[in-house]
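What follows is a single structure, written as structure tokens, with notes after it.
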Amino acid sequence: MNKEVSLKKHSAVIQINCKELTIIQRKLINAIIWIIQTIPNKLIYEIGLSEIKKMCGIQATDNVNLKNLFQGLQDIKLEFNYLNKDKHQIWSGGSFLSWTEIDKKTSHIKFEMPEMLKEKIRYPSIYAPLNMILIAGFKCSYTIILYELLRDYLTAQKIPLINIADYRVLMGIKDHEYKRFVDFRNYVIIPAVDELNERSDLTCRYELIKRPFSNKYESIQFFVTKKTGNWTYEKNQDIKPEQPDLSGDLFEQSDTLGQSVDRIPEEVLKEIPEKYRVKSLLDEIVKRIDEGKAASYIRLNLKYAFKKAKENPLFYAINALKNNYAGFEVEVEEKKTHEKKAAAQAVKVDKDRQKQDELALEIIRSLPPEQYEPLYEEAKRINAKENPGNPFFIRDSIVELKMAKLYMESHEKNGYQNKDGD
């Protein structure tokens, strides 16, 4: 298949509102658009399941689920032109496909698109030129949406300021997902920007803008440029095709792990599910170790990523290690470790002091009367002065403790004077 498979995707179809599309369905939509734009005008289109897989970079073996996802495009309702870029035409919501049929014997898919939508897709008035092969290599659905959005505005003077609520809709975020902005940023914005910058022909950055007289973020502003030089898909050959995980998880084919595993502490390895112990993640862990990151930093970020990620846990775990998504947990762990060390040190100091006190008591109890009695009287006098009227502090056992303290202080002072004399 040609590595420059391009399609002209209408801006209104890029800017859709749908919270039910999976990453595979978003790739299927691009494949359908390419078919309709490439094949002469037809009422019903037909394509083999194997061809669909190649176009979308899918190595799926579960054809039943893939067929269900394709047929789902007939049932899912889309709202087109969400950001109103196409101001000259009226766009309404509806199904992307009006009819689908799957031949179980031949594994061929037949489909039909609503005529009004098909005409707009075949002859787009405003569109973004997209490389299907590049998009097929993305492993995060948020990256696909962001890439198409930025590609759509690449030649514009400025990308419109996008309200956070609208951006959530474009990303397909459900109302109950990522309610805290810090989660939305860590799980949606950052992974998409990182993958886009690493794996596409674009470079982007963003700024978050707060609501006036408030600490809450209200809008997001993107800035995008095209990478210079002859950037082609060949530079992106490390991208592995999407595997048939319908929840959006990424399964990398295991590479030779070499000596990476030997350098990773067992406590860290325990946080990585067996299927995600692949070269890209292990190499990232080794990088963090070489940077001097503590095992607790790596362990907590891995634990955080595999617990929180809704899709692409592997990609999310790599970014968690880079950006310290588990920052708060790491701080708490470091504080606990510091407190534990301090407590252990305090216990050690206390035991050492107790040994010194016991040794001092043995020494003063072995003193001859001419040394013991003056020291006893001095200790008893000090205790009575420091605790007037309290008979507890003039008991023999308590007085002896004070004698031991005076004896140790006297000998420490003499020791310092001898050192100074030297």
Quick one: in the range 173-192, which of the residues that are aliphatic (A, V, I, L, M) and in contact (Cβ under 8 Å) with a residue 60 or more places away in the chain is farthest from Phe222 (Cα to Cα)?
Ile173
Tally up the residues in the range 68-94 that are modelled with pLDDT of 80 or more and either of a type in the set (Gly, Ala, Ser) or in contact with a helix residue (DSSP H, G or I) (Cβ under 9 Å, 6 or more places away or on another chain) (or both), please.
4
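With the condition kept exactly as written, say whether any residue in the range 114-124 is among the aromatic types (Phe, Trp, Tyr), surrounded by fewer than 21 Cβ atoms within 10 Å (Cβ to Cβ) and not assigned by TED's automatic domain parsing to the domain that holds Leu78.
no
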Do you know which residues across the range 271-282 are at pLDDT 85 or above and of a type in the set (D, E, K, R)?
Glu271
Inspect all residues belonging to the range 362-380 and state whether any of them is over 18 Å from Met408 (Cα atoms), of a type outside the set (Lys, Arg) and either touching a Gly at 6+ places or on another chain (Cβ under 6 Å) or surrounded by 10 or more Cβ atoms within 10 Å (Cβ to Cβ) (or both).
no
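The values are calculated or read from the model by the stated rules, or taken from the named source; none is laboratory data. Here the structure is a predicted model, which is why all the values come from computation and not from measurement. Cβ: placed from backbone, ideal geometry, glycine included. Neighbour counts: every protein chain shown.
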